[in-house]
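Peer 1: Handing you this structure, nothing more for now.
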Amino acid sequence: MKQVGIYTFINTENYGALLQACAISHLCKKNGYAPTFITHGNASGTIKWNIKHDIWQNIRLLLGYKQRLRSTRKFKNTYLPCDINPDNESINIKYDKLITGSDQVWNPD
């Protein structure tokens, strides 16, 4: 089966983004490809972003998002197989096709 690498925004608890990724994955499988999502850590990789993100995650947990975090992580682990932080050479070797999608891929933040 041919391999397809999908670069889209799945490091989120946003249901719409995860359903969009699942739909792309389903379409790839339907057309004879084995899909894998290519992820590159967090949004920008900066310490400032990590601290802000960690604070925001803790506030959300206090406000009751624990179940949402748990369910979206379970969904991602079950339905969205990931290749985390691959180098460009391995991407070219592993995948027959590459797909990029979602307006959030191009978001500078």
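The values are calculated or read from the model by the stated rules, or taken from the named source; none is laboratory data. Nothing here was measured: the structure is a model prediction, and the numbers come from that model. All Cβ positions, glycine included, derive from the backbone under ideal geometry; neighbour counts span all protein chains shown. Please note that ligands, DNA and RNA were not included when accessible areas were found on the heavy atoms of the full protein model with its side chains. Shrake-Rupley method; radii C 1.70, N 1.55, O 1.52, S 1.80 Å.
Peer 1: What is the dipole size for the chain, taken about its Cα centre, with +1 at each Lys and Arg Cβ and -1 at each Asp and Glu Cβ, in debye to the nearest 20?
Peer 2: 500 debye
Peer 1: Under a 1.4 Å probe, what is the accessible area of the chain per residue, stated in Å²?
Peer 2: Ligands and nucleic acids excluded, the figure is 70 Å² per residue.
Peer 1: So, one more: Quick check on my link table: of K52/K76; K2/K52; K30/K94; K74/K94, which ones sit more than 29 Å apart, alpha carbon to alpha carbon?
Peer 2: K2/K52, as the Cα separations exceed 29 Å there.
Peer 1: List, in order, the whole-Hz ³J(HN,Hα) value for each residue of the range 81-90 obtained from phi through the Karplus relation with A = 6.51, B = -1.76, C = 1.60 and θ = phi - 60°; use x for Gly and Pro.
Peer 2: Once θ is set to phi - 60°, the couplings for the range 81-90 become x, 10, 10, 8, 6, x, 8, 4, 5, 5 Hz.
Peer 1: Additional query: Name the helices (complete DSSP H segments) of the chain with a Cα length along the long axis of 15 Å or more and a Kyte-Doolittle mean of at least -1.0, or state none.
Peer 2: Helices meeting the criterion: 15-30, 47-62.
Peer 1: What nm value, rounded to one decimal, do you get for the distance between K97 and Q57 when each label is placed 7 Å out toward the C-beta?
Peer 2: 3.4 nm
Peer 1: Can you list the trypsin sites (Lys or Arg not before Pro) in the range 52-109 that are in a DSSP coil and have 12 or fewer other beta carbons within 10 angstrom?
Peer 2: Those that pass, being in a loop and sparsely packed, number zero.
Peer 1: Would you pull out the residues with amide H under 5 Å of I6's amide H, same chain only if 5 or more places away, H placed 1.01 Å from N?
Peer 2: T36, F37, I38, I99
Peer 1: Hey, if we sort I55, I6 by accessible area with the 1.4 Å probe, largest down, what's the order?
Peer 2: Result of the area sort, largest leading: I55, I6.
Peer 1: Which percent of the accessible area of the chain is formed by carbon and sulfur heavy atoms (probe 1.4 angstrom)?
Peer 2: Carbon-and-sulfur percentage of accessible area, whole number: 56.
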